[in-house]
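Have a look at the structure below before the remarks.
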Amino acid sequence: MQQLLEPPRQQPLDSGAEKATEDDGGGGKGSVDGDVTSANPYAGLVSRLRAAWLSGKTRPMEYRVAQLEALGRFLDEKKQDILEATTLDMGKPPFEAEVSEVVVCKNELHDTLNSLSQWMKDKHVERNLATRLDSAFIRKDPYGVVLIIAPWNYPINLLLQPLIGAIAAGNCVVVKPSEITKNTERLMAEVLPGYLDKDCCAVVTAGVQETTRLLENKFDYIFFTGHASVGRIVMAAAAKHLTPVTLELGGKNPCYVSDTCDVQNVARRVAWGRFFNAGQTCIAPDYVLCSLEMQEKLLPALRETITEFYGPNPQESPDFGRMAGDKQFQRVRALLRSGRVVIGGQTDEEERYIAPTVLVDLQPSDPVMQEEIFGPILPIVIVANVDEAIDFINSRERPLVVYAFSSDVKVVNQVLERTSSGGFVSNDTLMHVTLTSLPFGGIGNSGLGMYHGRFTFDAFTHCRGCLYRSMGREAFNNPRYPPYSQQKLGIVRTVTEVKRKGTCTLL
Ligand code: NAD
């Protein structure tokens, strides 16, 4: 794992990234960018993108398709660079990087290109008597200039998937990759702009301080993926401009395992979901809830699975990743002090390695049960039955996903019906993200809004309600004008009425 410690490589390309410049102040006081003064280092950039948006350049479908196809070429031509950068950043196994960073984005891209003409179409809607001769439709309008802020755990996927929807919907976009994964940040900043129209899409490299300044600008939509605590900061900044947001946040995803299960299959599917990307997955099963009897069966099955996946020493496996940074390593290592380690537990600070680990004998108040783990640790919490598991889940913040394993569909249904979460999967983990047809997003503390496939296009689209009326036929309008009368009121009520279905007005 020597590679991990290497410094970011120099790319032989000119940097296309936008850097903060104190004198680049095209926004200016009194501009459409609100009260952001020319002192803001990003005002000029936002102003330039807004001018490009107002020019209408991003609206035609042909433009959007050309940009999306260019994004596809980036993924094809730079696949090797992506795999190398993610390996350097966090020891991401190339298989995992290809599946979760490249394939997922290509699928989102293909789904979007296949359906864009349909999604963009005006949707004609029902009319009442008063507007029967008019045209009423929903125009799928771009928001304008949007901001996408991405985290480090899937640094390509979580930047490009929203970007695909933002471009498809006809917006100008600022994307900000995470500063934690330096090699992927550099790749995005130096190479991606070469594929996209620089007038309409900019990559900004920024840490916390710079992002705070960036957020002072008025955007028309902000799409944020990251921690809930930062989500609050982003939402507060957005509120200053009344900017709508999508917040894709994290949390603790419970995984209930009932007594009626194929234990070996459960062990493989849970271990895969937990240890993929070394546990740094927002939808990873965060902890298992099961009976003591099931725990006794699950532990040997998990031990066997971990050996089968990663060999006798996972540190030597090319298929097991590393923590993304020292801070992340130290935080996750500290969680090993909760409960009792029954599998794994080994760490190596130099490599930022934490072994696939299983913990038992836990209290709900233990640190590992208080915060999102975001590392390769699987705690098992004992519950007597499904009712107790549901109470446990409902006593906590609503998660991004609830997992329920049972051969009995009634048990699965019970967990689905009596809990609330962003998504739900039975008898597997992570697999729901392979479907662009399912909305992906959190609820409550795990997020706000949804995306993937059509839902990404919708997230970046304003549904503009439009009514086209003709200039004539004024006689039809007379009943609504003063002087008012009971007779006019009756006519207005009738011609604008929404009838309750199933009620017969003739009787
Ligand atoms: P983070 O919130 O620390 O950082 C995310 C982004 O926000 C980064 O680009 C960072 O530069 C920026 N940022 C950080 N602090 C900021 C501040 N004070 N002001 C402005 N910007 C700031 O998250 P992370 O550590 O990169 O990612 C891990 C978190 O993301 C986990 O909680 C995980 O569950 C969540 N996540 C959620 C999803 C999802 O789809 N719901 C996907 C991946 C990760």
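Quick note: the coordinates plus some simple rules give every number you see, no bench work behind them. All of these numbers come straight from a predicted model, not from anything done at the bench. Here the Cβ is made from the backbone with ideal geometry for all residues, glycine too, and neighbour counts use every protein chain on show.
Remarks
- Placing +1 on the Cβ of every Lys and Arg and -1 on the Cβ of every Asp and Glu, with nothing else charged, gives the stretch 222-297 a dipole about its Cα centre of roughly 360 debye.
- Distance from the stretch 416-436 to the stretch 40-87 (C-alpha centre basis), Å: 31
- Peptide ranges 160-167, 242-249 listed from the most packed, as the mean C-beta count within 10 angstrom indicates: 160-167, 242-249
- Using the Cβ-Cβ distance between A51 and T212 with R0 set to 22 Å, the FRET efficiency from 1/(1 + (r/R0)^6) comes to roughly 0.35.
- Theoretical gain in end-to-end length, S470 to K121 [0.36 nm per residue, Cα-Cα removed]: 123.4 nm
- Total charge dipole magnitude, the chain, about the Cα centre, Cβ charges on Lys, Arg, Asp, Glu only, Debye to nearest 20: 2660
- Extended-chain gain in nm, criterion 0.36 nm per residue less alpha-carbon gap, N413 and D76: 117.2 nm
- Panel order for Y403, Y143, Y451, by other beta carbons found within 10 Å of each beta carbon, from fewest to most: Y143, Y451, Y403.
- Placing dummy labels 7 Å off each Cα toward the beta-carbon, the span from T434 to E69 is 3.0 nm.
- Segment N128-E98, extension gain: residue separation times 0.36 nm, minus the distance between their alpha carbons: 5.6 nm
- Residues whose amide H comes within less than 5 Å of that of A202, counting only those at least five positions distant or on another chain, are V173, V174, V175 (H built at 1.01 Å from N in the peptide plane).
- The H on the amide N of S421, modeled in the peptide plane, is under 5 Å from the matching H of no residue at least 5 residues off or on a different chain.
- Estimated 222 nm signal from helices in the chain, with DSSP H stretches of n ≥ 4 weighted -39500 (n - 2.57), rounded to 500: -11000 deg cm²/dmol
- Inverse mean reciprocal Cα-Cα distance (Kirkwood Rh) of the stretch 394-507, Å: 19.5
- C-alpha center-to-center spacing [the stretch 124-187, the stretch 284-336] in angstrom: 36
- In order along the stretch 209-223, the phi-based Karplus estimate (6.51 cos²θ - 1.76 cosθ + 1.60, θ = phi - 60°) of 3J(HN,Hα) comes to 4, 5, 5, 4, 5, 4, 5, 5, 6, 7, 10, 8, 7, 10, 10 Hz; Gly and Pro are listed as x.
- Highest to lowest packing among 321-331, 52-62, scored as the average C-beta count within 10 Å: 321-331, 52-62
- Exposure proxy shown here: for D361, D220, the number of other Cβ atoms within 10 Å sets the order, fewest to most, as D361, D220.
- The residues packed around I491, meaning those with a beta-carbon under 11 Å from its beta-carbon, carry a net charge of +2 if Lys and Arg are +1 and Asp and Glu are -1.
- For the stretch 448-458, 3J(HN,Hα) per residue [Karplus equation, 6.51 cos²θ - 1.76 cosθ + 1.60, θ = phi - 60°, Hz, x = Gly/Pro]: 8, x, 8, 8, 5, x, 4, 5, 6, 4, 5
- Rounded to 5, percent antiparallel among DSSP beta bridges of the chain: 35
- Normalised Debye scattering of the stretch 203-287 at q = 0.13, 0.18, 0.23, 0.26 Å⁻¹ gives log10 I(q)/I(0) of -0.59, -0.81, -1.07, -1.24, counting only Cα atoms as equal scatterers and leaving out solvent.
- Local electrostatic count, V415, Cβ distance below 15 Å [Lys/Arg +1, Asp/Glu -1]: -3
- Amide H contacts of G144: C172, each under 5 Å away and 5 or more positions distant or on a separate chain (H built 1.01 Å from N in the peptide plane; Pro and chain starts excluded).
- Convex hull of the chain built on C-alpha atoms - directionally averaged projected area, nm²: 29.9
- Each Lys or Arg adds one and each Asp or Glu subtracts one; over the other residues with Cβ under 14 Å from the Cβ of P312, this totals -3.
- Between K240 and E497, the FRET efficiency estimated from the beta carbon spacing at R0 = 45 angstrom works out to 0.60.
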